[in-house]
Amino acid sequence: MPCVADWLNCPLSIVQGIFAQDSPNPEWERKVIEYFREKLKENNAANWVPSLNDVPLHYLKPNSLVKFRCMVQDMFDPEFYMNVYETVDIQTKSRVLHFGKYRDIAECSPHQEIDLNPKQIVTADRQTFYCVPVPGESTWVKEISFVAFFSIKYVIILNLKFTPIPVQVKLEFVLQHLIHQVATKEVMRKMKIWSCTHRNRENNIWIYENGDSFKLNDVLEVYGILSVDPVLNIVNNDERENSSSPVESMDCMDTVEEQRVHSPPASLVPRIHVILAQKLQHINPLVPACFHEEESKSFISSFMSELSPVRAELLGFLTHAFLGDSLAAEYLILHLISTVYARRDVLPLGKFTVNLSGCPRNSVFTEHIYRIIQQLVPASYRLQMTIENMNQLQFNPHKDYTANRLVSGVLQLASNTSLVIDETLLEQGQLDSRGVHNVTALGHLITWQKVDYDFSYHQMEFPCNINVLITSEGRSLLPSDCQVQLQPQLIPPNMEEYMNSLLTAVLPSILNKFRIYLSLLRLLDYSISDEVTKAVEDDFVEMRKNDPESITADDLHRTLLVARFLSLSAGQTTLSRERWLRAKQLETLRKARLQEQQCVNGNEL
């Protein structure tokens, strides 16, 4: 029976064994997938597999099993390969059947040649994706994944050698082991070095099954065979050198530029031949990836039982961050658990873009608010809205037809990413044509939750699900679903010191509860009963009678959104009368602040 070392270190030998046993029956491919799927279910075996997100490439064995958490940034044309082929020994004329799946090039010894008779070759196609680590992935996500891997399989020591330890060892023991063997500060320094080493690493991945089920910007976790074989680079270089023109022949229709992009050196862009792939709903390592398993249901049930104190602690934490403003903290919680849950025609339902106005201009306040959000959500990006950035950055992705690739833009982000737009840095200046186009792109993203991709001859809209928070001094020039005027209750003498002390005062265990809380509530289902729907309609009609000019359909929609997220923030999946009244109360307080601000400086609402 194959041992752990076999299927982790030599997965191709497992594939070869199954192929030899079942070929030429095509069922061998299904059996390979089932074998590895079952292996990964055993005793947290998924944590044994080294991740390209955590471990530098030069510490990984070629042709070993690896995993990669990534976003699909580009999709290349499908390519054909020899799935099953036969080689003939030049001397003895003996024939051997081989598989080409999960390999870069066909396996053939010097004394063998491939039988090119079409009857002996079974061709198939595979989809090639250009994947990158999730843009804006928070440091804490990397660190938790890193510790989870080494707490199960390895202990890292000062010279970065691996010391195997029992699989069942718990994290507490591992930490004690680390303390006795090495200095903790040195370990953390090494972890940071490792983090910097693999940051922004991209990979070409080959999908063999169900490639059509994945699309651009999907977040995937793939398990596959790592290929860093330089032979493919040599073959490609020979083809380029022997080519007398940019387009060589019918055997190679790719231009030289396209070959360089699609087949870069494996030392720069590793290749993964995917055996198993799944689309991730989230990338929070503290929350189960699948909610259908019994263990996951138990985890969710246990956490939901302590939801109320977690919410209270989070509200208090954010209130301190907003200098004593509990209303702004309340709306930030609602914003962070918001998500596009459906689309009706062109309208994205569930988006909740918040404009936090009244922020100090050119202050460290907005920077530290973003740092706090970074500590709470799995992925985020801060856009400093300066004239220089607006005129120089490329917001929308565009197609490079010379290299036949998609060039990424600022707004090509994964679903559920928190985008913080800092408008307090905007000063007087002239926007050029690109700047105007970028402002338009931001408005389009906020209003429709779509990003335009530029294909030169036409624009193509791609739907997205991005949480947008705008910090500004006055009302933002960008559209928003809800404007909240900040009203600080205290002004600390040293803002930098005050904001830093907030994060250091929070225990890691409490921070983890905040992270679980925000990720988990976004995934809950929600509904409104017919009885409550009728009560809301009657309430709206009554409000219109009392004040027809100030209550609009937009107000109803916004209040329903606030009520939805208020209910979810309390762990309730249906709207109650109590939550509806609380939502109305919050909206009344928010509007009163805007009225006060209008009276002070005459700004429009």
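The values are calculated or read from the model by the stated rules, or taken from the named source; none is laboratory data. Predicted model, so just to flag it, every value in this text is computed and none were measured. Because the Cβ atoms are built from the backbone with ideal geometry, glycine has one as well, and the counts that use them run over all protein chains shown. Keep in mind that these areas ignore ligands, DNA and RNA; they rest on the heavy atoms of the full protein, side chains included. Shrake-Rupley method; radii C 1.70, N 1.55, O 1.52, S 1.80 Å.
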ask   = Looking at region 75-85, which of the residues that are assigned to a strand (DSSP E or B) and open to solvent by 30 Å² or more (accessible area, probe 1.4 Å) is nearest to Leu116 (Cα to Cα)?
value = Met82
task = Could you check, for region 529-537, whether at least one of its residues is open to solvent by 30 Å² or more (accessible area, probe 1.4 Å), over 36 Å from the mean Cα position of the chain (by Cα) and hydroxyl-bearing (Ser, Thr, Tyr)?
result = no
remark   = Residues of region 371-423 being polar (S, T, N, Q), open to solvent by 20 Å² or more (accessible area, probe 1.4 Å) and farther than 20 Å from Met499 by Cα, in sequence order, are Thr386, Asn389, Asn391, Gln392, Gln394, Thr402, Asn404, Ser408, Ser415, Asn416
inquiry  = Given (1) assigned to a helix (DSSP H, G or I); (2) open to solvent by 60 Å² or more (accessible area, probe 1.4 Å), identify the lone condition not met by His368.
reply    = (2)
inquiry  = Quick check on region 475-497. Is at least one of its residues among the charged types (D, E, K, R) and either within 27 Å of the chain's Cα centre (by Cα) or crowded, with 20+ Cβ neighbours inside 10 Å (or both)?
reply    = yes
query = Residue check: is Phe68 outside any loop (DSSP other than H, G, I, E, B), open to solvent by 20 Å² or more (accessible area, probe 1.4 Å) and closer than 30 Å to Phe462 by Cα?
reply = no
Criterion violated by Ser456 - all others in (1) open to solvent by 50 Å² or more (accessible area, probe 1.4 Å); (2) at pLDDT 95 or above; (3) in a loop (DSSP other than H, G, I, E, B) satisfied = (2)
ask   = What are the residues in region 306-329 that are touching a strand residue (DSSP E or B) at 6+ places or on another chain (Cβ under 9 Å) and in a helix (DSSP H, G or I), if any?
value = Leu327, Ala328
ask   = Of the numbered conditions (1) of a type outside the set (Ser, Thr, Tyr); (2) free of Cβ contacts under 8 Å to residues at least 40 places away in the same chain; (3) closer than 15 Å to Glu330 by Cβ, Leu589 satisfies every one except a single condition; which is it?
value = (2)
message = Being open to solvent by 20 Å² or more (accessible area, probe 1.4 Å), in contact with a helix residue (DSSP H, G or I) (Cβ under 8 Å, 6 or more places away or on another chain), at pLDDT 90 or above and closer than 26 Å to Ala277 by Cα: is that true of Thr128 here?
response = no
Residue among Glu143, Glu113, Glu107 that alone is among the charged types (D, E, K, R), out of contact with any Lys or Arg (no Cβ under 7 Å at 6 or more places or on another chain) and assigned to a strand (DSSP E or B) = Glu113
key: Filter result (in contact with a strand residue (DSSP E or B) (Cβ under 8 Å, 6 or more places away or on another chain) and among the β-branched types (Val, Ile, Thr)) within region 375-399   = Val377
Val439 surrounded by fewer than 19 Cβ atoms within 10 Å (Cβ to Cβ) and either in contact with a Leu (Cβ under 7 Å, 6 or more places away or on another chain) or in a helix (DSSP H, G or I) (or both) = yes
key: Residue list for region 354-365, filter: closer than 16 Å to Ile491 by Cα and either out of contact with any helix residue (DSSP H, G or I) (no Cβ under 6 Å at 6 or more places or on another chain) or open to solvent by less than 10 Å² (accessible area, probe 1.4 Å) (or both)   = Gly358, Cys359, Pro360, Asn362, Ser363, Phe365
remark   = How many residues of region 290-305 are part of a helix (DSSP H, G or I) and either more than 19 Å from Ala570 (Cβ to Cβ) or not β-branched (Val, Ile, Thr) (or both)? The answer is 10
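Each row is one residue, and each column tells you yes or no for (1) surrounded by 14 or more Cβ atoms within 10 Å (Cβ to Cβ); (2) modelled with pLDDT under 90.
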residue: Gly17; (1), (2): yes, no
residue: Pro24; (1), (2): no, yes
residue: Lys31; (1), (2): yes, no
residue: Ala45; (1), (2): yes, yes
residue: Pro50; (1), (2): yes, no
residue: Gln73; (1), (2): yes, no
residue: Val88; (1), (2): yes, no
residue: Lys93; (1), (2): no, yes
Residues of region 540-576 classified as of a type outside the set (Gly, Ala, Ser), within 19 Å of Leu315 (Cβ to Cβ) and part of a loop (DSSP other than H, G, I, E, B), total = 1
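This table checks each residue for (1) within 22 Å of Val468 (Cβ to Cβ); (2) of a type in the set (Ser, Thr, Tyr); (3) over 26 Å from the mean Cα position of the chain (by Cα).
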| position | (1), (2), (3) |
| --- | --- |
| Met304 | no, no, no |
| Gly324 | no, no, yes |
| Ala329 | yes, no, no |
| Leu332 | yes, no, no |
| His335 | yes, no, no |
| Tyr341 | yes, yes, no |
key: Restricting region 260-285 to residues that are basic (Lys, Arg) and not in a helix (DSSP H, G or I), the residue that is surrounded by the most Cβ atoms within 10 Å (Cβ to Cβ)   = Arg271
inquiry  = Among the residues in region 286-293, are any surrounded by 22 or more Cβ atoms within 10 Å (Cβ to Cβ) and aliphatic (A, V, I, L, M)?
reply    = yes
When residues of region 505-539 are limited to those that are touching a residue at least 12 places away in the same chain (Cβ under 8 Å) and among the charged types (D, E, K, R), the one farthest from Asn284 (Cα to Cα) = Asp539
ask   = If you check Leu445, Leu413, Leu356, Leu406, which single one turns out to be touching a strand residue (DSSP E or B) at 6+ places or on another chain (Cβ under 7 Å), among the aliphatic types (A, V, I, L, M) and part of a loop (DSSP other than H, G, I, E, B)?
value = Leu413
task = Might you let me know whether region 110-119 holds any residue that is modelled with pLDDT of 85 or more, surrounded by fewer than 18 Cβ atoms within 10 Å (Cβ to Cβ) and among the β-branched types (Val, Ile, Thr)?
result = yes
note = Over region 29-87, the set of residues touching a residue at least 60 places away in the same chain (Cβ under 8 Å) and among the hydroxyl-bearing types (Ser, Thr, Tyr) is Ser51, Tyr59, Ser64
task = Working carefully through the options Ile300, Ile275, Ile333, find the one that is in contact (Cβ under 8 Å) with a residue 24 or more places away in the chain, among the β-branched types (Val, Ile, Thr) and under 30 Å from Asn355 (Cα atoms).
result = Ile333
